[in-house]
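Okay, structure first, notes after.
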Amino acid sequence: MKIELLYFGRPGENLKLARETVQAPDTLKTLADLLAWLRSRGATWEKELAENRVRCAINQEFCNTSTAIKDGDEVAVFSPISGG
């Protein structure tokens, strides 16, 4: 399945990546599965994409890690947003 990934804030800075298109295994069903697959790329990925360190949006809508993913989705990965 083809997924467009966008990285914003700390994840993008530390991974030195703003955007990529990946061919993810069809066995991935949820955002949690996708994040786990990306974390398997190595220690930096594991640290930066830990579920408690990022927020995500699929097709420009914030979601939780149990949200289903499908071919052609755009997944954005952000630093957690805090406000005042």
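If you only keep lysine pairs separated by 8 or more in sequence, or across chains, how many in the chain come under 15 Å at the Cα atoms?
The result is 4.
Here are a few candidate values for Rg/Rh (Cα atoms, Kirkwood Rh): (i) 1.12; (ii) 0.93; (iii) 0.97. Which one was actually calculated from the structure I just gave you?
Recomputing Rg/Rh (Cα atoms, Kirkwood Rh) here gives the entry labelled (ii).
FYI, it's all coordinate maths here, none of it is from the lab. Quantities reported herein were computed from a predicted structural model and do not represent experimental measurements.
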